[in-house]
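> The structure's right below; bear with me while I get my questions together.
The values are calculated or read from the model by the stated rules, or taken from the named source; none is laboratory data. Note that the structure is predicted; figures quoted are calculated from it, not measured. Methodologically, a virtual Cβ is constructed for each residue, glycine included, from the backbone with ideal geometry; neighbour enumeration extends over all protein chains shown. Side chains are part of the model used for accessible areas, which takes the heavy atoms of the whole protein and leaves out ligands, DNA and RNA. Shrake-Rupley method; radii C 1.70, N 1.55, O 1.52, S 1.80 Å.
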Amino acid sequence: MDVSVVVPTYNEAQALPELVRRLFAALEAAGRQAELVIVDDSSPDGTGDVAEALAQRYPVRVLHRPPRSGLASAVLDGLAHARGQILVVMDADLSHPPEVVPRLVEAIEAGAELAVASRYIPGGGVEAWPWRRRFVSQVANLLARPFVPIRDATSGFFALRREVIEGVALDPIGFKIGLEIMAKGRYRRFREVPYIFADRRFGRSKFGTRQVLDYLRQLARLWRRRVRARAVPWGTGSDTAPRQK
């Protein structure tokens, strides 16, 4: 497979069948083939069993890990086991529309080395989010501006060429593996692809105070790294690929 989609899961048994069905329908409509790598942290709701059943019908591989090992490390494990040269990362709760995946892959094939699904460029947006979540998200992106040139730096929905992270020391905290890759990855051209974020329909959100604190710790690490290296903000080049309107 040229494309691998990595999805970390914890208690996503209800959403997973729809995600898989829509993802492969979107890929088929776009004339593309891909593998799906599901990384499950021993979900007590049986997500791992649901994933194994789906693997009988779709090109799905399932990695089973100890309980609550963490989203960021799950993504890293999934990327390490992925076979594709183009890697896509997305959530399992349907807040990331699977129909956007072919557009991210197209952006990579058009010359970008990193393509980020963005809520904060024209055409993007958020549905059914309380004002507190909107406020926290916008502040978090402002805090990330010194490190990355991407407007939706907290996006967990992105695609990249494998070379972007090969040999890169990634040490994320909490949820924001995307920020870690955007700040440390080896890329010169990126593109933001607009999408509409929709809050989860199944289960409970895993966002809370701990995730906010983890994000602040991650930013502190990036500051220390920048000071030690005497680096300019992000320092990986410029966006020479046209942005999608």
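> Per the helix-only calculation at 222 nm, which mean residue ellipticity applies to the chain, given -39500 (n - 2.57) for every DSSP H run of n ≥ 4 and division by its residues, nearest 500 deg cm²/dmol?
Rounded to the nearest 500, it is -11000 deg cm²/dmol.
> Just one of (1) 48, 17, 14; (2) 32, 27, 16; (3) 26, 21, 18 is semi-axes √(5λ) of the Cα gyration tensor in Å as worked out from the coordinates here. Which one is it?
So the calculated entry is the one marked (3).
> If you don't mind, another one. For region 35-158, which whole-number percentage of the solvent-accessible area (1.4 Å probe, protein heavy atoms only) is attributable to carbon and sulfur atoms?
With neighbouring chains kept in place, the figure for region 35-158 is 55 percent.
> May I ask which residue of Phe158, Leu27, Pro67 lies farthest towards the positive end of the charge dipole of the chain, with charges of +1 (Lys, Arg) and -1 (Asp, Glu) on Cβ and the Cα centre as origin?
Phe158
> Can you say what percent of the DSSP beta bridges in the chain, counting only those with both residues inside, are antiparallel? Round to 5.
25
> Also, I was wondering about something else. Rolling a 1.4 angstrom probe over the protein chains, ignoring ligands and nucleic acids, what is the accessible area of Phe202 in square angstrom, nearest 10?
60
> Mind jotting down the three principal axis lengths of region 1-58 based on Cα atoms? Whole angstrom, largest first.
That works out to 36, 18, 16 Å along the principal axes.
> Quick one: what Rg and Dmax do you get for region 96-195 from the alpha carbons, in Å?
Answer for region 96-195, Rg first and Dmax second: 13.3, 40 Å.
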